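Have a look at the structure below before the remarks.
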């Protein structure tokens, strides 16, 4: 049986935090998608966007990580392929962090990137 690596991997720490956020916001992960998107912006040109969505578009890619249903549009899929989404609440910076091996440059705050 052939196994493939998902376009984006979500660490257990990130999944736990996403479930906490969903509960706080009254979102039911069984009925809602986590939308991962790459949008123009930031000092390096592109930035990541996370949000809840109840509609899956025709060209969206869907995957499941740690019980979270994740969707992304075709363009975002290409930008995040191979990326790991992590969450940290340590001294190095609290929040979600994208570790994208495709990024050729990131800004100092780590919020934006370019290819």
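Where a number appears in this text, it was derived from the coordinates with a stated rule and is not lab data. Please read these numbers as outputs of a predicted model, since none were measured by experiment. Neighbour counts are summed over all protein chains in view; Cβ atoms, including those assigned to glycine, are modelled from backbone coordinates with ideal geometry.
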Cβ density ranking, 10 Å radius, fewest first, applied to 10, 71 yields 71, 10
Return 76, 88, 104 ranked ascending by Cβ neighbour count within 10 Å, so the fewest neighbours appear first. 104, 88, 76
With a 10 Å Cβ neighbour count serving as the proxy for reagent exposure, in which order, fewest first, do 53, 89 appear? 89, 53
Difference of contour (0.36 nm per residue) and Cα-Cα distance, residue 9 to residue 27: 4.3 nm
